[in-house]
Amino acid sequence: MLEEMKKRVFDQNVALVKYGLVVLTWGNVSARDEKSGLIVIKPSGVPYDSMSADDMVVVDIDGTIVEGKYRPSSDLPTHLYLYRQYPNIGGVVHTHSTYATAYAQSGREIVAFGTTHADAFYGNIPCTRALSESEINESYEHNTGKVIAETVSDSDAIPAILVKNHGVFTWGKSPEKAVENAVTLEEVAKMAFLTELLNGNTPRVDQHLLDKHYFRKHGKNAYYGQN
């Protein structure tokens, strides 16, 4: 079932290791099959170096296992919440990548300082509020999705979020795009950290320059790349 999608999800989970976004088993990628609506996700706690495409778990939108010999990622309820909230997305990524997670742990947004950031994200990357004790103790992963959706209103313009004291979630039209956004997020987090280290008073990029770089890659008048 969904063999091609399982291979894509497996490949993108391995890509997290390739790009240095995860260590051990600290991350996961999922994808939604547009035709069936089923979700394919990494199994919980299975090491990347022993994992195969056949190990991916297929679930429905309620989280019921449709196919798979392992339990799905413990972050599955967060992924499912995002798929319900943002019907336009086809892939979700979760990592604890170093620089972006440092911003999440400090409870700070990643400011759009320059054009690299603006090429992918139309504004600052926000950080959620902290979850309450009751939200943590009851349906923690579901409430993580809830606080993300509470923070991000436009999932196309800002396809990424920092979850306070936790880590990073990104998404996209496909699992490949969601991983690309995770890679980009970590790089702009590094740049932002170094920018603030060099000059703590650096202003946010001018809006007209942000507009130029974002819209030359996104929207109906985009002209970056090939047709």
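The table that follows gives values for the structure above.
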{"item": "Qualifying residues in segment 21-51 (those that are out of contact with any helix residue (DSSP H, G or I) (no Cβ under 7 Å at 6 or more places or on another chain) and closer than 14 Å to Met5 by Cα) - the one surrounded by the fewest Cβ atoms within 10 Å (Cβ to Cβ)", "result": "Lys35"}
{"item": "Residue within segment 41-54 that is farther than 26 Å from Asn88 by Cβ, free of Cβ contacts under 8 Å to residues at least 60 places away in the same chain, part of a helix (DSSP H, G or I) and acidic (Asp, Glu) present", "result": "yes"}
{"item": "Matching residues in segment 76-116 - criterion: being outside any helix (DSSP H, G or I), open to solvent by 20 Å² or more (accessible area, probe 1.4 Å) and closer than 25 Å to Lys18 by Cβ", "result": "His96"}
{"item": "Any chance Lys212 is of a type outside the set (Phe, Trp, Tyr), part of a helix (DSSP H, G or I), over 17 Å from Tyr83 (Cα atoms) and open to solvent by 40 Å² or more (accessible area, probe 1.4 Å)", "result": "yes"}
{"item": "Selection within segment 167-192 - among the β-branched types (Val, Ile, Thr) and out of contact with any Pro (no Cβ under 9 Å at 6 or more places or on another chain)", "result": "Val168, Val179, Val183, Thr184, Val188"}
{"item": "Filtered residues of segment 117-131 (kept if open to solvent by 30 Å² or more (accessible area, probe 1.4 Å) and among the small types (Gly, Ala, Ser))", "result": "Ala130"}
{"item": "Residue, farthest from the chain's Cα centre (by Cα), within segment 160-187, restricted to residues that are assigned to a helix (DSSP H, G or I) and charged (D, E, K, R)", "result": "Glu187"}
{"item": "Hits in segment 132-159 (condition: open to solvent by 30 Å² or more (accessible area, probe 1.4 Å) and assigned to a loop (DSSP other than H, G, I, E, B))", "result": "Ser132, Glu138, Ser139, Ser153, Asp154, Asp156"}
{"item": "Hey, Val9 in contact (Cβ under 8 Å) with a residue 60 or more places away in the chain, touching a Lys or Arg at 6+ places or on another chain (Cβ under 8 Å), assigned to a helix (DSSP H, G or I) and open to solvent by less than 60 Å² (accessible area, probe 1.4 Å) or not", "result": "yes"}
{"item": "Filtered residue count, segment 157-196, keeping only those that are of a type in the set (Lys, Arg) and under 17 Å from Ser30 (Cβ atoms)", "result": "2"}
{"item": "Boolean, Tyr103 is among the aromatic types (Phe, Trp, Tyr), out of contact with any Ser or Thr (no Cβ under 8 Å at 6 or more places or on another chain) and within 26 Å of Leu38 (Cα to Cα)", "result": "no"}
{"item": "Residue list for segment 19-40, restricted to those being β-branched (Val, Ile, Thr), part of a loop (DSSP other than H, G, I, E, B) and touching a strand residue (DSSP E or B) at 6+ places or on another chain (Cβ under 8 Å)", "result": "Val22"}
{"item": "Residue match in segment 188-200 (condition: open to solvent by less than 10 Å² (accessible area, probe 1.4 Å), touching a Lys or Arg at 6+ places or on another chain (Cβ under 7 Å), in a helix (DSSP H, G or I) and at pLDDT 95 or above)", "result": "no"}
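A quick yes/no check of all residues on (1) at positive phi; (2) among the hydrophobic types (A, V, I, L, M, F, W, C); (3) at pLDDT 95 or above:
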{"residue": "Pro77", "(1), (2), (3)": "no, no, yes"}
{"residue": "Gly90", "(1), (2), (3)": "no, no, yes"}
{"residue": "Val93", "(1), (2), (3)": "no, yes, yes"}
{"residue": "Tyr103", "(1), (2), (3)": "no, no, yes"}
{"residue": "Tyr122", "(1), (2), (3)": "no, no, yes"}
{"residue": "Arg129", "(1), (2), (3)": "no, no, yes"}
{"residue": "Thr151", "(1), (2), (3)": "no, no, yes"}
{"residue": "Asp154", "(1), (2), (3)": "no, no, no"}
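The values are calculated or read from the model by the stated rules, or taken from the named source; none is laboratory data. Remember, predicted model here, so these are calculated numbers, not experimental data. Backbone-built Cβ (ideal geometry, glycine too); neighbour counts: all protein chains shown. With ligands, DNA and RNA removed, areas are computed over all heavy atoms of the protein, side chains included. Shrake-Rupley method; radii C 1.70, N 1.55, O 1.52, S 1.80 Å.
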